[in-house]
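Before any comments, here is the structure.
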Amino acid sequence: MFLILKLIIESFQFAFNALRTNLLRTILSLLGVTIGIFAIISVFTLVDSLEKGIKDDLSFLGPLNLNIQRFPLVFGPDVPWWDYIKRPPNTFEEYEFLSENLKTFEGITIFGVSSTTPKYKSGSSENVTVLGIADGHQVVYPGDFEDLQGRFFTEDEFKSGKKVVLLGNRPVKELFDGRNPVGKQVKIKGIKFTVIGTIDEQGSGLFDDNSTDENLYIPYKAFTQIFYVGKGGLDPNITVKGLESDVGLVEVEYEIEGLLRKFRGLRPKEKSDFAIVRQQAVLNQIGSVFDVLSVAGWVIGGFSILVGGFGIANIMFVSVRERTNIIGIQKSLGAKNFFILFQFLFESIFLSVIGGVVGIFLVYLLTFIELGSLSLQMTFNNIVLGLGVSAVIGMVSGIIPAALAARMDPVIAIRTQ
């Protein structure tokens, strides 16, 4: 243990001397490692930050939610695209059938989505997302209504399609200058809706349209009265919230498929004309895209690291040549081959790690750059990865010079000028 500690201290001293006595040469040689580590870790940091931001934005889907829709997440090679187009849209009758017959579920909703320009007196709010929702929407998507001021829709308002509305933060600001609009009437597609509540500002992520700030909510039956829903019109989505265990989620998925196939009269050999999409499937697709970007980061940084490795190897060959006399003296005093080998190998690793630390520090500086709603965050794993890659490059680059130094004949080495 003492010997290893002594080796590390001496190697650090030699590496420091190399930096001090040949500063320009060492900096230029380490530049490749610095640029390579910077390229790799910056790409990984950007990818991780993007992936985290997207996953956070997609959290509105709900980890336990199953979305019933016409189109799958990825079109299968065994089904032509025109077969997907021919699929029927979801219906309110199917929603009622599932809500009455499903057993292993926590909540269910049907909703339609469109855009509109609500108006109040002479004011208007452009391109607001309007959602027509059903009774179970608050159970399936509880996060949308965490900051609700006022009240939610009643069961009677859902059943009758009463003209009432919940407003997000943006329409409240643009129509009422931030004043409390509860009890006021706004026009949606020329029809008056009474405001029963508002949703406080939640802020936006990478996808602004996923923020309730841009939304207004009305009962689903009221939605179908002002927007055309069905074949040739808007496709409503049915979402079922499964139980808290993964087994429960699988069970409810099979149950949905069986009930919906029965309702649509599909024969046993016929393929299902609907898709059931989980949040995890969406996240898996996103993860595969970012895997490709990560590979690109390795390729981009790999060339720079390769150049940096040759630079470090060159430093070590020069260092061995300059210290040949010292190597001979060390050996004549009893230093073993492995001591000389590890001495130069540690020196090479230290030099490479110094270059890696500089590259990681440059990436850290990047995290202070404002990129809108995207927040760059350098993770501990990426720091460890950068230092690990640097150490490996230093080891590979220094192994041959270190081996040459270890095999030197002490008599010849002392005589070398």
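Each value in this text was obtained by applying a stated rule to the coordinates, not by laboratory testing. On a predicted model such as this, the values are computed, not experimentally measured, just so you know. Cβ sites come from the backbone with ideal geometry, for glycine too, and all protein chains shown count toward neighbours.
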Net charge contributed by nearby residues that have their C-beta within less than 10 Å of residue 409 (K/R +1, D/E -1): +3
Under Karplus coefficients 6.51, -1.76 and 1.60, residue-wise ³J(HN,Hα) of the range 226-240 in Hz, glycine/proline x: 10, 10, 7, 10, x, 4, x, x, 6, 8, x, 9, 10, 10, 10
For residue 65, distant residues with modelled amide H under 5 Å away: 242, 279
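Provide the FRET efficiency to the nearest 0.05 for the residue 337-residue 27 pair, computing r from the beta carbons and using R0 = 35 Å. Please report the intermediate quantities before stating the final value.
On the way: r = 31 Å, r/R0 = 0.90.
Working from the Cβ atoms, E equals 0.65.
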Set of the range 314-332 residues, backbone N closer than 12 Å to the point 7 Å along the Cα-Cβ line of residue 414: 325-332
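Expressed in nm to one decimal, what extension gain is obtained for the pair residue 225 and residue 117 from 0.36 nm per residue of sequence separation less their Cα-Cα distance? Intermediate values should be presented prior to the final figure.
On the way: separation 108, 0.36 × 108 = 38.88 nm, distance 1.64 nm.
Once the chain is fully extended between residue 225 and residue 117, it gains 37.2 nm.
Tally Lys/Arg at +1 and Asp/Glu at -1 over every other residue whose Cβ is under 10 Å from the Cβ of residue 135; what's the total? Don't skip to the answer; put the middle values down first.
Numbers: positive: 159; negative: 155, 157.
Around residue 135, the surrounding residues sum to -1.
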The range 105-202: GluC sites (Glu not before Pro) in DSSP loop, at most 11 other beta carbons within 10 Å: 126, 146
Projected label distance in nm at residue 307 and residue 379, using a 7 Å step from Cα toward the beta-carbon: 2.9 nm
Positive minus negative residues near residue 294 (Lys, Arg vs Asp, Glu; Cβ under 11 Å): -3
